[in-house]
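Step one of this worksheet: look at the structure below.
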Amino acid sequence: MPTKHTAKSVCSHLQKHRCKYQPVLPNILKKGPAAVKPKLGKATKSVADQAAVKRIFPNTYGLPEITFVKGTNTAACKKAVRVGVVLSGGQAPGGHNVIGGLLDGLKKANAKNKLFGFLGGPSGIVENKFIEITPALMKDYRNTGGFDLIQSGRTKIETDEQLKAAKDNLLANKMDALVVVGGDDSNTNACVIAEYLKQQGVDISVIGVPKTIDGDLKNKQIETSFGFDTATKIYAELVGNIERDVNSARKYWHFVRLMGRSASHITLEVAFKTHPNAVLIGEEVLAKKMTLGQVVDDLAKLIAKRAKAGKNYGVVLVPEGLIEFIPEMKELISALNDSLAENEAELSKMNTVAEKKAFIISKLPAKLADLMKSLPAGIASQLMLDRDPHGNVQVSLIETEKLLVEMLRTKLAEMKKEGKYDGKLSAITHFFGYEGRCGIPSTFDANYTYALGYNAAVLALNKCSGYLSSVRKLTKKAQDWECGGIPLTMMMNIERRKGKEKPVIKKALVELKGEPFKHLLKNRADWAELDLYTFPGPIQFFGPDEVTNLTTFTLLLEQGKKVK
C-alpha cells in the first residue's frame with residue numbers, strides 16, 4: 001500500500017546550487033521517447049555456460065541487443081503507464097538522478113504516467129511498501145548523493161513465496177514495469193524476476209540499471225557502473241591529502257585500504273589519480289600465486305630502499321579484498337569456514353579466544369596451521385570470531401592494512417639485525433569505504449545516471465524486459481553518448497554460491513593484459529622511488545570543462561586515450 005514520505009533534510013548551500021543543475025542528455029534522447037525507436041541487433045548468448053543459462057532462462061535468453069535511433073514512436077507514449085523503481089544493494093553516488101531521469105522520461109512521454117518507489121530495497125516489493133515519486137518530491141533530490149529518497153536493501157527475491165508476492169503486488173498496483181537499480185547480484189535478481197513473470201504470463205517489463213562503486217559490473221556494452229567516478233574522486237582527494245602531509249612531515253608510512261572486495265578497480269583508479277609509492281592489485285597477486293609472506297617481503301624491500309635514500313615515509317594502497325586473492329589465505333579461510341562449522345558445539349564450550357584458536361589450529365592441515373600461527377593475534381582473532389549469519393568468515397572486516405603493518409614490523413626487525421635495513425617504520429593505517437558511497441555525484445556521474453534513468457524509461461515504454469539500461473561511448477561529450485539495452489542473460493555465467501550452482505552476472509576483474517594495468521606497470525617503479533605524488537583535491541562542479549567533466553583514467557585508458 002502507498003506510504004507517506006517522511007524523510008526530511010536541510011539543504012547546504014552547495015546542494016541548493018546542485019539541485020538547479022540540469023544534466024546533459026544524449027542527443028538521441030533530447031526530444032523524448034516519442035522521437036526514439038529501438039533498433040534490434042542480432043540474437044545474443046551468455047558470456048559462458050550457454051546451455052545451462054538458457055535452460056534456467058528459457059523465456060529471456062538470446063534477446064537481441066537494442067540501440068535507440070531517431071524515429072517516430074508515438075505508439076509507445078499513448079497509454080498512461082505505472083512504473084516501479086527499487087534501489088538494491090549498497091549505495092552509490094547518482095542513484096537519485098537515475099530516479100530523476102526515469103521520472104522525466106516517463107512524464108515527457110505522457111503527463112499521466114506515474115512513477116512509484118519501493119521502500120527499503122527489494123523487500124519493499126514483497127511487503128508492498130511504496131510511495132509515488134512526483135516532480136515536487138523529486139525536486140530536492142536532484143544531483144544529490146545517497147539513496148535516502150526511498151532507501152535501499154539487500155533482500156533477494158528468489159524463493160517461490162517471494163516471487164509470488166512480488167508478482168501479486170506488482171499486479172495489484174497495476175505496474176507496467178519495474179526498474180531495478182543495482183550491481184551484479186541485484187541485476188541477476190532482476191533477470192530472475194523478469195524470467196518468472198514471463199513464465200507466469202504476466203506482461204510487466206523488468207529493466208536493470210548498472211550501479212556499484214566497485215567498478216566490477218562492466219563489459220564492452222556496459223563501459224562503467226555509475227558511482228565509480230565519484231567514489232574514486234572522493235577517495236583520491238583523501239589519499240592526495242595524505243600524500244601532501246607525507247611530503248610535508250616526511251616521517252610516516254600510510255597504509256590505505258580501499259573499498260572493493262571482489263576486484264581492485266578502485267585501488268587502481270585511485271593510484272592513477274594520486275601516484276602512491278606502492279599499489280597492491282589483488283588480481284596480480286593471484287596470477288603470480290604470491291604468498292602473504294611474499295607480499296610482505298616486496299613491501300619490506302621497498303621500505304628499506306627508500307630508507308637508504310633517507311625517505312622513511314610513503315603511501316601504500318591496499319584493495320579491500322586482497323586477502324581473498326592470496327591463494328594460501330583463500331585456502332585457509334575456506335578451511336576455517338569448514339572447521340568452525342563442523343566443531344561449533346565444542347567451540348561454544350570454550351571460554352577464551354586463545355583456547356578456540358589452539359583447538360582450530362589442531363584441526364587444520366600442517367601447512368595451514370603454520371600459516372594461522374604466523375598471523376598477528378588480532379587478525380587471527382578476527383578470522384575466528386567475525387562470522388556472517390551463514391557461519392563464514394567475514395573477509396571484508398579483516399583489517400588487511402594492519403595485518404601488513406604488523407608483519408612488516410617483524411620482517412624489518414629481522415632485516416635490521418641482518419644489516420639490510422637502517423630505517424624506522426612509523427605506520428598509520430586507514431580504511432576508506434563508506435566515505436565514498438553517498439557523495440554528491442560528480443558532473444560525469446550526474447549526467448550518466450540521469451541518462452541511464454531516462455534510457456530505462458524508454459526501454460519500459462517499449463515493453464523491453466530482461467534488459468540492462470546501457471549508455472555507451474562515455475569518453476565523448478554527454479550529448480554524443482549512445483543509448484540502448486543489453487540483455488541481462490548476455491552477461492551471465494554459472495558460479496558456485498553457498499554450495500550450489502547458480503547463474504550470476506560475471507564480475508569484471510582488473511585485466512592484467514588491459515591498458516589500465518599496463519599503465520600501472522609502466523609507472524610503478526618511478527612512483528615507488530620518486531615522490532611523484534599528485535593532489536587531485538575535491539570534486540569540482542563549477543569551472544573549466546577539463547576539471548568538471550573529466551571521467552576516470554581507467555575508462556580513458558580502456559578506450560585508447562592517452563593519460564599522464
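The values are calculated or read from the model by the stated rules, or taken from the named source; none is laboratory data. These figures come from a predicted structure and were not determined experimentally. Positions of Cβ are backbone-derived with ideal geometry, glycine not excepted, and every protein chain shown enters the neighbour counts. Note: accessible area is taken over every heavy atom of the protein model, side chains too, but ligands, DNA and RNA are not part of it. Shrake-Rupley method; radii C 1.70, N 1.55, O 1.52, S 1.80 Å.
Values as computed for the structure displayed
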| read-out | value |
| --- | --- |
| Set of lysines with alpha-carbon distance to K301 below 22 Å, sequence-local pairs under 8 removed | K251, K288, K289, K311, K402, K411, K416, K417, K420, K424, K522 |
| Long pairs among K70/K273; K79/K218; K42/K463; K20/K273; K108/K477; K37/K114, criterion Cα-Cα beyond 27 Å | K70/K273; K79/K218; K20/K273 |
| Amide H contacts under 5 Å for W253, placed H, 5+ residues apart | G314, S426, A427, I428 |
| Local electrostatic count, G145, Cβ distance below 14 Å [Lys/Arg +1, Asp/Glu -1] | 0 |
| Among (1) 101, 56, 44; (2) 81, 60, 47; (3) 77, 51, 49, the entry that matches Cα extents along the principal axes in Å as calculated here | (2) |
| Segments 258-265, 293-300 sorted - mean Cβ within 10 Å per residue, highest first | 258-265, 293-300 |
| Positive-end residue of S46, A111, Q221, charge dipole of the chain with Cβ unit charges | A111 |
| Close Lys-Lys pairs in the range 137-210, where close means Cα under 20 Å and separation is 8 or more or interchain | 7 |
| Residue-normalised accessible area of the chain, given per residue in Å² at a 1.4 Å probe | 43 |
| Rounded to 10°, Cα long-axis angle of helix 160-172 versus longest principal axis of the chain | 40 |
| Rounded tilt (10° steps) of 400-417 against the dominant C-alpha axis of the chain | 20 |
| Protection proxy ranking, peptides 332-339, 446-453, 73-80, average beta carbon neighbours within 10 Å, highest first | 446-453, 332-339, 73-80 |
| Apportionment of accessible area to carbon and sulfur, the range 186-321, percent (1.4 Å) | 47 |
| C-alpha long axis of helix 95-109 to longest principal axis of the chain, angle in ° | 10 |
| Charge tally in the Cβ shell below 14 Å around D445, where Lys, Arg are +1 and Asp, Glu are -1, D445 excluded | +2 |
| Per-peptide average of other Cβ atoms within 10 Å, ordering 318-331, 472-485 highest first | 318-331, 472-485 |
